[in-house]
Amino acid sequence: MTSVRMRWLGSALAVVATTLSAGCSPTTHTPDAGGLPISAVGEIELSGGPVRFDYASIDPSRGLMFLAHMGAGQLVEVDLHAGAVLRTIGDLPDVHGVIVVPDRHRVYATATGQNQVVAFDEDTGARLFAASTGTYPDGLAYDPVHDTVWTTNERGGTETVVDADTGTVRGTVDLGGEVGNVVYDLATATMIVAVQGRDELAVIDPVSLTVTRRIPTPECEGPHGQALDNVAQVMFVGCEHNATMVSVDLKAGTVTGHQAVGETPDVLVYDAELHRIYLAAESGWVSVFDHHEGRTTVLGSMMLADGAHTLALDPLTHHTYFPLPHGPGDRPVLLEYVPSD
C-alpha cells in the first residue's frame, strides 16, 4: 500500500443507530453505507493512536483479526466475537502487510521500516523470527505446498521467498519493475504478482523461482491490489493511477472487463461464496461488485469514510471490517458490516 495520510471527514457522513450482534459496541457513530449492499452492525475501539492502518488478516475459525497499525508500528489482535482488542505487539516500524496461517498457528508481518518479515506465534504473540527482505516489503502471501511466505518488495521490484518455519530466505525473484501485491493461486500452484512498474501480472513458478508468464493489463495503470476468484480463474486488479478495477482471465491471459472505482484503489477482497468483490480506495471510496458467469457488475459505490482504504473479509460470516484511524473522539475504530440486498 502507499503511505498516504488521511483526515477524518466525519462531519460529512451520516450516522446510524443499529441493534448489534453479540460482542459489539453501539453503532451510533458508524458511517451509513446506504449506497452499498452492506449494513452496519457494530464498531470496536482499537488500541494505539489515530494513525494509519494497513493490511488485515482474519483467522475465521477462531474469530481473530490481525491488523497492521502502520503509523503506530504495531500489530493489533482483535477478538471479533468478543468485540475487543486481545493483544498489541509493538516494535514493527512502518508495518504494512500481515497474514495469519491458521494451520500453522502463525502470523507474519512486514516491518517495512526495517526491511524485514517477522513471524509470531498466533496463540502467545511470541516473536519467532525476523528475516531480511528487499527494499520496502509490503503485501504478503503464503504458499501452503512449499511452506513459504512471499513478500512484495514494492520499491525493490522483487519478491523475497522465506521458509515459513525457520525464516531462512530461500530466494529472490526480480520482477523488473516496482511491484504491488502477490497472491497464491491454488488451482495452478503458482504465485501471481501485480507488477505496477510494467502494467502487467507476472506468474512465478514457486519451485524454480522464475517468471514463467507475463500478462499485460492494458488500460490498467499501476496494477497494485489483487483478489482472486480461484474457481473461475479470474483476477480482480486495482489500478492505482487511473481509478480502475480490471478483471483478468488468467487462462486466456486477457483483460475482460474494466470498472471505474474511487481514486487510488488499494485493497481488494473476494467473497467466493457470495461472488462479491469489495474494493477500498485511498480516497475513502468503497465499491462492491458482483461476479457471475464471467460478468462483473457494480452493486454500489460511495464515499464510506476518509481513511477507509483497507478492509478484511470473514469468509464464514461474510462480514466486512474497515479500520479507521479517526473514529469517535479521534480514537481508532474497526467498523463492521454485514452484506445486504
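Among the trypsin sites (Lys or Arg not before Pro) in the range 203-252, which ones are in a DSSP loop with at most 12 other Cβ atoms within 10 Å of the Cβ? Mind listing them? Answer in residue order: LYS251.
Which of rounded, prolate or oblate describes the range 182-341 when judged by the alpha-carbon gyration tensor and an a/c cut-off of 1.5? Since a/c reaches 1.5 and a/b is larger than b/c, the shape of the range 182-341 is classed as prolate. The percentage of C-alpha pairs in the range 35-154 whose separation is greater than 23 Å is 28%. Each Lys or Arg adds one and each Asp or Glu subtracts one; over the other residues with Cβ under 11 Å from the Cβ of ALA308, this totals -3. With contacts taken as Cα pairs under 8 Å at a separation of at least 6 residues, the chain carries a relative contact order of 14 percent. Here the chain is treated with +1 on each Lys and Arg Cβ and -1 on each Asp and Glu Cβ, and its dipole about the Cα centre works out to around 260 debye.
Across the range 194-203, rounded Karplus estimates of 3J(HN,Hα) from the backbone phi angles (6.51 cos²θ - 1.76 cosθ + 1.60, θ = phi - 60°) give 7, 9, 6, x, 10, 6, 7, 9, 10, 9 Hz, Gly and Pro being marked x. When the chain is fully extended, how far beyond the present Cα-Cα distance does ASP341 get from HIS292, taking 0.36 nm per residue of separation? Extra length from ASP341 to HIS292 when fully extended: 16.1 nm.
With a Förster radius of 35 Å applied to the C-beta separation of ASP205 and ARG87, the computed FRET efficiency comes to 0.40. The distance separating the Cα centre of the range 122-163 from that of the range 167-236 comes to 15 Å.
Which of the listed residues, GLY180, GLN233, GLY90, is farthest toward the dipole's positive end in the chain, when Lys, Arg count +1 and Asp, Glu count -1 at the beta-carbon? The Cα lying farthest towards the positive end belongs to GLY90. For the residues LEU228, LEU299, LEU201, a 1.4 Å probe over the protein chains yields an accessible-area ranking, largest first, of LEU299, LEU228, LEU201. How would the chain be classified by its alpha-carbon gyration tensor: rounded, prolate or oblate, with rounded meaning a/c under 1.5 and the a/b versus b/c comparison settling the rest? The shape class here is oblate.
The values are calculated or read from the model by the stated rules, or taken from the named source; none is laboratory data. Given the structure is predicted, the values throughout are model-derived calculations rather than measurements. All Cβ positions, glycine included, derive from the backbone under ideal geometry; neighbour counts span all protein chains shown. When the accessible area is computed, the model is the full protein with side chains, heavy atoms only, and any ligands, DNA or RNA have been set aside. Shrake-Rupley method; radii C 1.70, N 1.55, O 1.52, S 1.80 Å.
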